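The values are calculated or read from the model by the stated rules, or taken from the named source; none is laboratory data. None of the values given here were measured: they were computed from a predicted structure. Cβ: placed from backbone, ideal geometry, glycine included. Neighbour counts: every protein chain shown. These accessible areas exclude ligands, DNA and RNA; they are computed on the full protein's heavy atoms, side chains included. Shrake-Rupley method; radii C 1.70, N 1.55, O 1.52, S 1.80 Å.
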Amino acid sequence: MKQLKTFLSISALLAISGCELLQSTGGLPGLNPLPPTEQEVTLGLKNALEVGIHNAVKLTSETGGFFNNPLIRIPFPPEAVRMERTLRDIGLGNQVDQFVRTMNTAAEEASKRATPIFVNAIRQMTFTDVMNIWRGDSTAATQFLQRTTSDALRAEFKPVIKSAIEQVELTALWNPLASAYNSIPFVTPVNPNLEDFITDRALQGLFSMIALEEASIRRDPAARVNDILRRVFGWLDNEKKS
């Protein structure tokens with residue numbers, strides 16, 4: 001009888017320990033309860049960035065990647081919004097629409113050049129960068145990339161956008177629109193720098209998509225497409241819950 005009581009006591013302790021272990025790991029058997037190593041965190045964070053960048057560049061550089069996405073579609077230049085309304089009122093709506101579509105096409109073409117710049121930034125990350133990003137907010141990695149790549153991306157994008165503008169004859173679309181508007185009595189003439197405008201909007205759109213990808217990986221376990229992402233971000237999830 002004494003042996004039976006001892007066996008039952010040990011069984012109860014094992015059961016309690018098992019429950020505590022499941023709670024500490026989010027209830028998922030087999031999940032390593034120990035913190036990820038420095039190597040795992042570095043690999044996981046860089047892998048998350050690579051996944052997010054790949055998806056974002058793919059989405060923005062495909063045909064319609066900007067124009068068909070209302071979150072990042074480049075609009076008629078805001079400084080000329082009165083011009084847009086006036087041109088539509090006088091029957092030039094189709095030309096305005098063609099101009100807007102062509103601007104977005106230029107941004108889609110430029111986005112194809114982004115990946116090598118991002119990859120270079122990832123390779124130069126320090127361990128301090130990695131840890132700050134890993135424990136940072138939902139867009140910490142995106143903010144890091146904005147700080148470290150914006151100048152290089154702008155320098156890379158501008159010639160591509162300039163070439164795209166020439167290739168699709170965007171200026172040929174813009175000049176008649178601007179001339180038609182500027183010839184209207186008493187209006188303030190407009191002539192925005194199209195290269196700068198499209199470049200800035202292309203960068204904003206690209207980083208917006210990277211931010212969405214990053215937030216998804218941090219928030220949604222289904223977006224963690226490999227073991228290292230599940231390990232590194234899954235452990236972080238459980239730490240926040242405890």
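Size of the dipole of the chain about the Cα centre, Lys and Arg at +1 and Asp and Glu at -1 on the beta carbon, nothing else charged, in debye to 20?
Working: 25 positive and 26 negative charges, 163 e Å.
Here the chain has a charge dipole of around 780 debye.
Taking all protein chains as present, what is the carbon and sulfur share of the accessible area of the chain, in % to the nearest whole number, probe 1.4 Å?
Roughly 55 percent of what the probe reaches on the chain is carbon or sulfur.
Round to a whole angstrom and tell me the spacing of the C-alpha centers of segment 182-242 and segment 80-122.
After rounding, the separation between the Cα centres reads 17 Å.
Under the definition of Cα pairs under 8 Å and six or more residues apart, what whole-number percent is the relative contact order of the chain?
32 percent
Say we join alpha carbon atoms closer than 10 Å with springs in a Gaussian network model of the chain; which of G136, G205, G91 then has the biggest fluctuation?
G91
Averaging sequence separations of C-alpha pairs under 8 Å and six or more residues apart, then dividing by the length of segment 125-242, give the relative contact order as a whole percent.
Relative contact order, segment 125-242: 31 percent.
Considering only D196, D227, D129, give the residue with the highest GNM mean-square fluctuation for the chain, with springs between Cα atoms whenever their separation is below 10 Å.
Comparing D196, D227, D129 in the GNM, the peak value goes to D227.
Of the chymotrypsin sites (Phe, Trp or Tyr not before Pro) in segment 186-218, which ones lie in a loop per DSSP and count no more than 16 other C-beta atoms within 10 Å? Write down the numbers at each step before the final one.
Details: sites: F186, F197, F207; in loops: F186.
Answer in residue order: F186.
Tell me the Rg and the Dmax, in Å, that the Cα atoms of segment 90-183 produce.
18.9, 59
Please build a GNM for the chain, connecting alpha carbons under 10 Å apart, and tell me which residue among P176, P36, P159 fluctuates the most.
P176
Just need log10 I(q)/I(0) for segment 133-242 at q = 0.19 Å⁻¹, Debye formula, equal scatterers on the alpha-carbon atoms, no solvent, rounded to two decimals.
Per q value, in the given order, log10 I(q)/I(0) is -0.98.
Semi-axes of the chain's equivalent ellipsoid from the Cα gyration tensor, sqrt of 5 times each eigenvalue, largest first, rounded to whole Å?
54, 18, 13
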